[in-house]
Amino acid sequence: MVQAESLTKRYRKAVAVEGLTFRVGPGEVYALLGPNGAGKTTTLRLLSTLVRPSAGRALVAGFDVMREPIEVRRNLGLVNGGMRVYERLTGREVLEFFAGFYGLKGRAFLQALDWVVDLLEMEETLDKKVGEMSTGMRQKVVIARAILHRPKVLLLDEATAGLDVFARRALLDFVKAYRDLGHAVIYSTHVMGEAEEVADRVGFLHRGRLVYEGSRDEALALGEGSLERAFVREVGRA
Ligand SMILES: Nc1ncnc2c1ncn2[C@@H]1O[C@H](COP(=O)(O)OP(=O)(O)OP(=O)(O)O)[C@@H](O)[C@H]1O
C-alpha cells in the first residue's frame, strides 16, 4: 500500500529525510518513531504530495507521488495533531464541506456520513458547533473528515497531541479498528508507549535516516520489553 524507495528531501541548509526505504502493507500499522526533528513530518508530507522529493520515489496505493498526485490524494487520509476546524460550523457542516472535495454529494455523502458516525461513535457531534465541542469530539471530526472517502492509506502525525486520556484512548482504538478493516496506517509519534500498543511494525528515524526497522515484537525484544530502550540502543549504534 505504501512503498518508499530511497526517498530523500533536502532543503538548502538541511537534509530532512535521507534514503528512506520502507513498505507498509494492507491491514498493517507502521509506527514511525523518532524525536522532534527526526524527519517524521517530512516523510508524511512527501507521501501526501505536499512536498516533492529531492530524490527517490514513493507509491501510495500503487500511485506515484510525483506523477500521479491526484490519485495518491484520493487514496490517502491525513490527520495532524492540532489540526484546526472552523469553530462556527457544526460537525455535519464540516463533513459536508470536506465531502465536496472528494466529490461525495447527495446520497453518497449521506452514506459516507453514516459510515464515519458509526465507526467513530460521533452522533452527538453532528448538530453541535465545533466551538462548543470537547477536544475529543473535535478530534473525531478531524479524523472523520480525513476518512470520509475511505482511504486505503491513513497517515497520522502526532495525532494524540493535546488530547485527554479519553480522547487518546478513542484515537488508539480507532487506529486499530481502521487497520482491521484492511487498510494501511502510518502512525508517526515520539511517544513510544503508543507505538507499543498500536504498531505491527516499527521504524526508528534518526536525523532523517531509518536506523532500524522490525516487527513490534522484535523491537520490544531488542529493548528487553521497552521500545524506548530499543530506540536509544539502535540510535546509539547508528
Ligand atoms: N521547510 C523546511 N525548510 C528547511 N528545513 C526544514 C523544513 N522542513 C523541515 N526541515 C528540517 O528537516 C528536519 C526534519 O524535520 P521534520 O519536521 O520532518 O521532523 P519531525 O520528526 O516531524 O519533527 P517534529 O515532530 O518536530 O515535526 C528538521 O531538521 C527540520 O528543521
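No value in this document is a laboratory result; all are computed from the given coordinates. This structure is a prediction, so every number in the text was calculated from the model and none was measured. For neighbour counting, all protein chains shown are included, and Cβ atoms are generated from backbone atoms with ideal geometry for every residue, glycine included.
In the Gaussian network model of the chain, springs joining C-alpha atoms below 10 Å, which of Lys140, Lys176, Lys128 carries the largest mean-square fluctuation?
Judging by the Gaussian network model, the answer is Lys128.
Test of understanding: what is the full-extension gain from Asp127 to Arg52, defined as 0.36 nm times their sequence separation minus their Cα-Cα distance?
23.1 nm
Rounded to whole Å, give me the distance from the Cα center of the stretch 59-80 to that of the stretch 90-137.
23
Looking at the square roots a ≥ b ≥ c of the eigenvalues of the Cα gyration tensor of the stretch 110-222, which shape do they give, rounded for a/c under 1.5, prolate if a/b is larger than b/c, or oblate? If you can, show how the numbers build up before the last one.
Values: a/c = 2.42, a/b = 1.83, b/c = 1.32.
Note, shape of the stretch 110-222 comes out prolate.
Give the range of the longest stretch in the chain that excludes all GluC sites (Glu not before Pro) found in loop regions by DSSP and having at most 13 other beta-carbon atoms within 10 Å. Please report the intermediate quantities before stating the final value.
Working: sites that count: Glu87, Glu121, Glu224.
My reading of the result: 122-223 is the longest stretch.
Take every DSSP beta bridge with both residues inside the chain and express the antiparallel ones as a percent of the total, to the nearest 5.
Values: 20 of 40 bridges.
Taking every DSSP beta bridge with both residues in the chain, the antiparallel ones total about 50 percent.
Sum -39500 (n - 2.57) across every DSSP H segment of at least 4 residues in the chain, then divide by the residue count to get the 222 nm mean residue ellipticity, nearest 500. Mind dumping the intermediate values first?
Working: 9 runs with 94 residues, N = 238.
When only DSSP H runs of four or more count, the value is -12000 deg cm²/dmol.
State, as an integer percentage, the relative contact order of the chain based on alpha-carbon contacts under 8 Å between residues 6 or more apart. Working shown, then result.
Numbers: 466 pairs, mean separation 66.0, N = 238.
Value for the chain: 28 percent.
For the stretch 13-69, what log10 I(q)/I(0) values come out of the Debye formula at q = 0.23, 0.27, 0.29 1/Å, with one point per alpha carbon and no solvent?
These q points yield log10 I(q)/I(0) values of -1.05, -1.34, -1.44.
Return the long-range amide H neighbours of Asn80 (sequence gap of 5 or more, or a different chain), with a cut-off of under 5 Å between placed amide H atoms.
Those qualifying (amide H under 5 Å, at least 5 residues apart or on another chain) are Asp157.
Treating the Cα atoms of the stretch 84-150 as identical point scatterers in vacuum, please give the log10 of the normalised Debye intensity I(q)/I(0) at q = 0.24 Å⁻¹, two decimals.
At q = 0.24 Å⁻¹ the computed log10 ratios are -0.98.
Using only Cα atoms, tell me the angle between helix 91-101 and the longest principal axis of the chain; keep it within 0 to 90° and round to the nearest 10.
Its long axis makes an angle of about 70 degrees.
Given bins 5 angstrom wide, list per bin the percent of all Cα-Cα distances in the chain, short to long.
Reading upward from the zero bin: 1, 7, 14, 18, 19, 16, 12, 8, 4, 1, 0, 0.
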